[in-house]
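Asks: This structure is in structure tokens; I'll ask about it shortly.
The values are calculated or read from the model by the stated rules, or taken from the named source; none is laboratory data. Computed from a predicted structure; not experimentally measured. All Cβ positions, even for glycine, are placed from backbone atoms using ideal geometry, and neighbour counts span all protein chains on display. For accessibility, only protein heavy atoms count, side chains too; no ligands or nucleic acids. Shrake-Rupley method; radii C 1.70, N 1.55, O 1.52, S 1.80 Å.
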Amino acid sequence: MHLPLKGFRVISAEQYGAGPYGTMFLAQMGAEVIKIEPPGKAGPDGKRRGAGDTARAVGPHFLREGESIYFQSFNLNKRSLTLDLGSDEGQAILRKLAATCDVVANNMRGDLPDRLGLTYEALKAVNPAIVCAHLSAYGRDNARAKWPGYDYLMQAEAGYCQMTGEPGGDPQRMGLSMVDFMTGTIFCIGLLGALVDAQRSGKGRDVDTDLLSAAVHQTSYPALWYMNNNDETQRTPRSAHPTATPSQMFKAADGWMFVMCQLPKFWDILTTRMGRADLKDDPRFADNADRLANRDALTELLDAEFSKQPMAHWQDLLAGHVPVAPVYELGDALDNPWLHEIGMRDEVAHPDKPDLQVLANPLKFDGERLPNRAAPLLGADSDAILDDLGYDANAIAELRASGIV
């Protein structure tokens, strides 16, 4: 498969979720992504502590000690170089490596890229075309630059928690770390935009995003409703859409399903296929505004109808005609045969598990999913990368002995 980023080289000083999620897209699209990880400090027993991306230690499931399943979620297709960026020798290696690369990415705290030489200003002398991409919690150019921050904090501050859940209930976060994933994707978009320009102009630059800015940006149309009309979107029963109805969860005989009549035609099709022309003719439900005003009554009537049959019946009756989906448990969602049919489940070989199950990338090129390989063991590529930079075996052994790699 001809991958679109083959031949591009990316250094990424990254850890945990958001940054690694974004750079994994680059690696899956064919870029050589070199993941810089701290070598740790040797203790009295000779073991190094603080080594590697902190995600390697996130439980509860491990392939071996210090190699978590969690880590595999964000680091497929990458290489691993251990390097102490806080040392002079580590900085010298970084600059040598940057001279051979197209991008230096990081998702460090906002005050650290300057300190660790990961900015365009620090690297332009060795590579004028280098793109330096930064993902932080709150940005690098404001009073919060030194603040640590995580997804859940952003969900709280950007208003997500107060908008999520049933009316009158406690604030709720999303079930997944969606701000990390959204910010990693935005990070990747900005990085690629800067890279396209650097390829044309020969001049690189810094490109920044941060978790809070990305989270606020995703408030989207409710944000504009509030800023322009002082209309503050509230929680709705059954996770209903704020303006269209019926567009919410309903009870089938064997569980929940989501039905979305976002357009007037879907309401007409729904009532026709259900054999409930009486609902379409009911003046309480004549148009969307009427249905919205009488949503509680409509929910009760539709629940009574949907509860007569299992979800499979309604899926067969409505699928392809009215937007409908089962509300699955996570296991059912991942065991859904449809994922196998469309190739969204994949298997890669790992030294500790030859049949490691992973998710495929959601992108297709020329109709094909992108190829995957397992995330690297810690420092698995250090010797090869240093050898390419001109360090011989003795020099590499000295770097390792001194804790630089």
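Asks: Below 8 Å between Cα atoms, with a sequence gap of 6+, how large is the relative contact order for the chain in percent?
Replies: That works out to 17 percent.
Asks: Still on this structure, I have one more. With springs only between Cα atoms under 10 Å apart, run a GNM on the chain and tell me which of P264, P20, P148 wobbles the most.
Replies: P264
Asks: What are the residues whose amide H is under 5 Å from the amide H of A252, where those residues sit 5 or more places off or on another chain and H is modelled from the backbone?
Replies: Here the answer is M257, since their amide H atoms fall under 5 Å of that of A252.
Asks: In addition: Counting every Cα pair in the chain, what percent are over 37 Å apart? It would help to have the intermediate numbers written out before the result.
Replies: On the way: 29443 of 81810 pairs.
Summing the P(r) tail past 37 Å for the chain gives 36 percent.
Asks: Something else: So, for the chain, what is the accessible surface per residue at a probe of 1.4 Å, expressed in square angstrom?
Replies: Per residue, the chain has an accessible area of 51 Å².
Asks: What distance in nm lies between label points placed 7 Å from Cα along the C-beta direction at Q162 and D114?
Replies: Output for this residue pair reads 3.3 nm.
Asks: Taking springs between alpha-carbon atoms closer than 10 angstrom, which of M311, M24, M182 fluctuates most in the Gaussian network model of the chain?
Replies: Of the options given, M311 has the highest mean-square fluctuation.
Asks: Using just the C-alpha positions of segment 136-263 as equal point scatterers, what log10 of I(q)/I(0) does the Debye formula give at each q in 0.12, 0.14, 0.19, 0.20 1/Å?
Replies: Reported log10 I(q)/I(0), two decimals: -0.63, -0.80, -1.14, -1.20.
Asks: Within 10 Å, Cβ to Cβ, of K35, how many net charges do the neighbouring residues add up to if Lys/Arg are +1 and Asp/Glu are -1?
Replies: -2
Asks: Still on this model: Please state, as a whole number in µm²/s, the translational diffusion coefficient that the Stokes-Einstein equation yields for segment 12-69 at 20 °C and 1.002 mPa s, with Rh defined as the Kirkwood radius across alpha carbon pairs.
Replies: Answer, rounded: 169 µm²/s.
Asks: If you roll a 1.4 Å probe over the chain with all protein chains in place, what percent of the accessible area is carbon or sulfur?
Replies: Its accessible area is 54 percent carbon and sulfur atoms.
Asks: Local charge sum around A137 (other residues, Cβ-Cβ under 9 Å, Lys/Arg +1, Asp/Glu -1)?
Replies: Working: positive: R109, R144; negative: D210.
Surrounding charge for A137 is +1.
Asks: Can you pull out the chymotrypsin sites (Phe, Trp or Tyr not before Pro) in segment 107-169 whose DSSP state is coil and whose Cβ has at most 16 other Cβ atoms within 10 Å?
Replies: Sites meeting the loop and neighbour criteria: Y150.
Asks: Then there is this: Taking only pairs that are 8 or more places apart or on different chains, how many Lys pairs in segment 33-105 have Cα atoms under 23 angstrom apart?
Replies: Count of close lysine pairs: 4.
Asks: Run down the aspartates and glutamates and flag those whose C-alpha is under 16 Å from the C-alpha of K146, throwing out any fewer than 8 positions away in its chain.
Replies: Counting by Cα, and skipping residues close in sequence, K146 has these aspartates and glutamates nearby: D111, D114, D208, D210.
Asks: Can you tell me the FRET efficiency between H61 and Q315 if r is taken as the Cβ-Cβ distance and R0 is 30 Å, rounded to the nearest 0.05?
Replies: Numbers: r = 32 Å, r/R0 = 1.08.
Working from the Cβ atoms, E equals 0.40.
Asks: Along the charge dipole of the chain, pointing to its positive end and built from +1/-1 on Cβ of Lys, Arg, Asp and Glu, which listed residue (L279, L135, F258) has its Cα farthest out?
Replies: Result: L135.
Asks: Can you give the local net charge around E347? Use residues other than it whose beta-carbon is closer than 12 angstrom to its beta-carbon, Lys and Arg +1, Asp and Glu -1.
Replies: On the way: positive: R345, K353, R373; negative: D346, D355.
Spelling it out: positives minus negatives among the neighbours equals +1.
Asks: Just L135, L83, L302 to compare: in a GNM of the chain, with alpha carbon springs under 10 Å, which one fluctuates most?
Replies: Judging by the Gaussian network model, the answer is L302.
Asks: Give the calculated FRET efficiency between A99 and D352 to the nearest 0.05, with a Förster radius of 56 Å applied to their Cβ-Cβ distance.
Replies: That gives a FRET efficiency of 0.95.
Asks: Looking at the chain, what % of its DSSP beta bridges pair antiparallel, to the nearest 5?
Replies: Among the beta bridges of the chain, antiparallel pairing accounts for roughly 45 percent.
Asks: Working from the pairwise distances between different alpha carbons, so that the mean of 1/r is found and then inverted, what is segment 58-110's Kirkwood radius in Å?
Replies: 13.6 Å
Asks: Could you work out the pair-distance distribution P(r) of segment 102-184 from its alpha-carbon pairs, with 10 angstrom bin width and percents rounded to whole numbers?
Replies: 17, 36, 26, 14, 6, 1
Asks: Ratio of alpha-carbon Rg to the 2.2 N^0.38 Å globular estimate for segment 337-405, to two decimals, please.
Replies: Expressed relative to 2.2 N^0.38 Å, the Cα Rg reads 1.65.
Asks: Still on this structure: Give the aspartates and glutamates reachable from K265 as a straight Cα distance under 12 Å; neighbours fewer than 8 places away on the same chain don't count.
Replies: D287
Asks: Taking a 1.4 Å probe, which of M227, M163 shows the most accessible area, and what order do the others take after it? Can you show the working numbers first?
Replies: On the way: M227 135, M163 80 Å².
Most to least solvent-accessible, the answer reads M227, M163.
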